[in-house]
Structures are given as structure tokens and as C-alpha cells.
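Step one of this worksheet: look at the structure below.
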Amino acid sequence: MEVIRSEAPSEMNEASVSNGRFAGVYKVLQGAIDARAFPGCAFGVVAQDQIVLSDALGNFIYEPDDLPVQPDTVFDIASLTKVVSTTAIAMLLFQRGQLDLDVPLGDLLPGFIVGRDDSTLARRVTLRNLLAHNSGLPGYVEFFRNVNNPSALFRACLELPIETAPGEHSEYSDPGFILLGKALEVLTRESLADSAQTLVFEPLGMTATGFRPAPEKRPLIPPTEIDKAFRRRKIQGEVQDENAWILDGVAGHAGLFSSVPDLLRFARSLLGSWNSSKSSAIPKLFTPETIETFCRRQSPPGSSRALGWDTPSVNSSAGSLFSTNSIGHLGYSGCSIWIDLNSSVAAVLLTNRTWPDRQSQAIREVRPAFHDEVRQSLSCT
């Protein structure tokens, strides 16, 4: 299949796009830029193990003479870290028999149990609960307001109260994934960053993906915001999430930087593993059984959460045309990845929608429209 690329990623080429296969995709994204949903974006689509779209629109910031976003521009992918790094490591350890999903977190991190008033509930929290976001831990805590180093933040995370019985309530939890990342470090006996590099990124050839970009690479990464409340400076090339920043830029919930080409490689590996009868140029890291385990919805009934992954629900960011057998995730900075296992289609959208501040919520309308246009464009072939 032909890969569609605009000759001028920083602006919409009306002559070449108007009759193009993905004209609807370009219209949605250019309209979003014009409406200041985000200053720029990179995006890509895989269908049947072929990259059928890889392009970019807009600039790093809302200035016409600023750097244009390129198809391979690296972005802060925020909570996509949860699936591309943390969940992927968990999947591989599970596959190798090194991770028991139902092991209590306290067996790996005893500090989660010691000294608690609610230790009976805490002893019931398992790695499965953390992955499924049903551990009973709160969704988000501004640890960075009260601590200034990794050990203090980790201790505060360990001491969080269990708000509901494990398994009974779904609450998307950053603290849960901070603890999960630490538990994985206990299992692998190395840092989360090193495990992700050796287990996932290197085997898949994801050369642009990693934590803590080198200083010389930071100017080539779109800035996420002008932080007026905490760091009091422009945030560019360092993690936007404040808790992850306190954790030195490496955490289970955020901190990863990546590009569309790398994330498409990741998606192709999952799709190639799932459709094991099909050949692929991308290594197959996972077995179909592992994918099936991690992509199955968890308790409580009605939750869209699988293990680490999300699945389509009513008014999903995946739009209305991805099958129920799809997995994906969002990132606060304006990123997303959705993978339809049934149709072997994946779509990646990277933006810096939080520039220059976090006020705009227009990305909520852009994401489903983008994904619907992707699927409609593919159905026309």
C-alpha cells in the first residue's frame, strides 16, 4: 500500500489532499489546529501490517515561523507510558512466567502494608488490581506539592489510603501505576527505563523512544506548556507531569517520549503477534494468549479497563468504528493510540494540546472525529 505523506507537513497542501484517500483526516486535524485545539500534530495509520499514512501538520507553537512538526517528531507521550512501557513490561514478564497477576503488591513492596490502619484491604491489592485500575487507590494526587525527591514521593504513594475494596470500583489511578512501576523494578532488579529499553524498545527498533531526552534533543521536541504555577518556565523536552518530574523523569505512569514511527512499530508488533499466521517485518514480542489476557475487560462490570489497556466504550476517544476487540490509551499531553485487533488497524495521534496552558479541552472532540475519519478512509478502498 502507498504511504500518504504531505510534501509540506507544516501546512495543508489543498491541491494534493483534497482528492486524497485521507482527505477527511487532514480536514479534521487542520480544523483542530485552526481552532487552537493544538498548535501541531504528527499522526499515522497501520492497516494489514502496512503503514498507509504517516504525516504531520502545524508547528511547535502558535507562531507561523516556528519549527514545523515532522512525521517523526518526538513528543512527550504522557500516559501512553502506561501501555508502551509499564504494561508492555508486565506482559512480557507474565509471558515468561516471572509475573503472577494475582500476587499481592505487599509481597513485592512490604512498605505498602506496614503501619497501615487499613492493612486488611491493602493486603488484598494485587498487580492485577493496579493494571485494571480497580485497586481502590485514588485517581490522582498532587504529591509534588509536598515532596521534593523521589524517595519521599514513593513513600507518600505507599501510604495512600485504600478508598474502596479492591476489585469493586474502577478509578483510573496514576498512583497505582507509580507503585506498579516500582513492583516491576523489584521483579526485574533493574530500573523501569532499563527494562523498557532492553525488553521492548531495542527488540522493536524503537530508536526514538525513551525517558529523559538528552539536553541537545530537547529543542526538537514540541513544548507542552508554559508552567506558571510549579516550575515557572517553559516545559520542553522534559516530562510535563509534575509527579513524574519529581521522580527524575522515570515513572510507571508517565515520562516516556516517542514518535509516530516508533509507536506504529509497537502497534504492528501487537497486531503481528495477535494475527500469528501473518508475516511481519516487526518482531512479535507477545503471544496471542498474552494479548488475550491483557486485553480482556476486568471488574467491576461496566468498566472499560482491561489490564493496563483501555477498550472502547460509549463516547470513546476511538470513535464509533473501532471494534469492541480494540485496545488503546490516551495521554494528557494530547496523544493517543488505538489498535483494532479484529481488523488489524492501528492509529496514532501525537499533539501538544496543553500548549501554552492546559485550558483547552477541544482534543476530546478531535480524537473521535480523527479515528472515525481514519476508519471511513480505509473502508473506501
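The values are calculated or read from the model by the stated rules, or taken from the named source; none is laboratory data. It should be emphasised that the depicted structure is a prediction, and the values quoted were computed from it without experimental measurement. Here Cβ is always computed from backbone atoms with ideal geometry, including for glycine, and neighbour counts include all displayed protein chains.
Among the strands (runs of 3 or more DSSP E) confined wholly to region 184-270, which include 2 or more residues that are under 24 Å from L131 (Cα atoms) and not β-branched (V, I, T)?
256-258
Consider F43 against the criteria (1) closer than 25 Å to I226 by Cα; (2) modelled with pLDDT of 95 or more; (3) part of a loop (DSSP other than H, G, I, E, B): it satisfies all of them except one. Which criterion is unmet?
Here F43 clears every test but (3).
Return the total of residues in region 347-381 being among the hydrophobic types (A, V, I, L, M, F, W, C) and part of a helix (DSSP H, G or I).
Of region 347-381, the ones among the hydrophobic types (A, V, I, L, M, F, W, C) are 347-350, 355, 362-363, 366, 369-370, 374, 378, 380.
Filter once more, keeping what is part of a helix (DSSP H, G or I): 363, 366, 369-370, 374, 378.
Count: 6.
Taking into account only those residues within region 351-367 that are out of contact with any helix residue (DSSP H, G or I) (no Cβ under 6 Å at 6 or more places or on another chain) and buried (at least 19 other Cβ atoms within 10 Å of the Cβ), which is farthest from A37 (Cα to Cα)?
Filtering region 351-367 for residues that are out of contact with any helix residue (DSSP H, G or I) (no Cβ under 6 Å at 6 or more places or on another chain) and buried (at least 19 other Cβ atoms within 10 Å of the Cβ), the one farthest from A37 (Cα to Cα) comes out as R367.
How about region 308-346: which of its residues are in a loop (DSSP other than H, G, I, E, B) and either crowded, with 24+ Cβ neighbours inside 10 Å or within 12 Å of the chain's Cα centre (by Cα) (or both)?
G308, W309, A318, F322, Y332, S333, G334 - these are the residues of region 308-346 that are in a loop (DSSP other than H, G, I, E, B) and either crowded, with 24+ Cβ neighbours inside 10 Å or within 12 Å of the chain's Cα centre (by Cα) (or both).
If you check A369 against the conditions, is it on the phi < 0 side of the Ramachandran plot and touching a Gly at 6+ places or on another chain (Cβ under 9 Å)?
Here the answer is yes, as A369 does meet what is asked.
Going by what's in this entry, would A122 be described as farther than 25 Å from F201 by Cα, buried (at least 18 other Cβ atoms within 10 Å of the Cβ) and at pLDDT 95 or above? If you could, list the steps in order and put the result at the bottom.
Numbers: farther than 25 Å from F201 by Cα: yes; buried (at least 18 other Cβ atoms within 10 Å of the Cβ): yes; at pLDDT 95 or above: yes.
Considered against the rule, which asks whether it is farther than 25 Å from F201 by Cα, buried (at least 18 other Cβ atoms within 10 Å of the Cβ) and at pLDDT 95 or above, A122 comes out as yes.
Among the residues of region 179-194, is any touching a strand residue (DSSP E or B) at 6+ places or on another chain (Cβ under 8 Å) and either on the phi > 0 side of the Ramachandran plot or among the aromatic types (F, W, Y) (or both)?
No: region 179-194 contains no residue that is touching a strand residue (DSSP E or B) at 6+ places or on another chain (Cβ under 8 Å) and either on the phi > 0 side of the Ramachandran plot or among the aromatic types (F, W, Y) (or both).
So which residues in region 3-38 are among the charged types (D, E, K, R), at pLDDT 90 or above and under 26 Å from D49 (Cβ atoms)?
Answer for region 3-38, where residues must be among the charged types (D, E, K, R), at pLDDT 90 or above and under 26 Å from D49 (Cβ atoms): just R21.
In region 176-214, how many residues are touching an Asp or Glu at 6+ places or on another chain (Cβ under 9 Å), among the β-branched types (V, I, T) and touching a residue at least 60 places away in the same chain (Cβ under 8 Å)?
Going through region 176-214 one residue at a time, the tally reaches 2.
Taking the conditions exactly as written (surrounded by 22 or more Cβ atoms within 10 Å (Cβ to Cβ), in a loop (DSSP other than H, G, I, E, B) and on the phi > 0 side of the Ramachandran plot), does G136 satisfy them or not?
Yes; evaluated as a whole, the condition is true for this residue.
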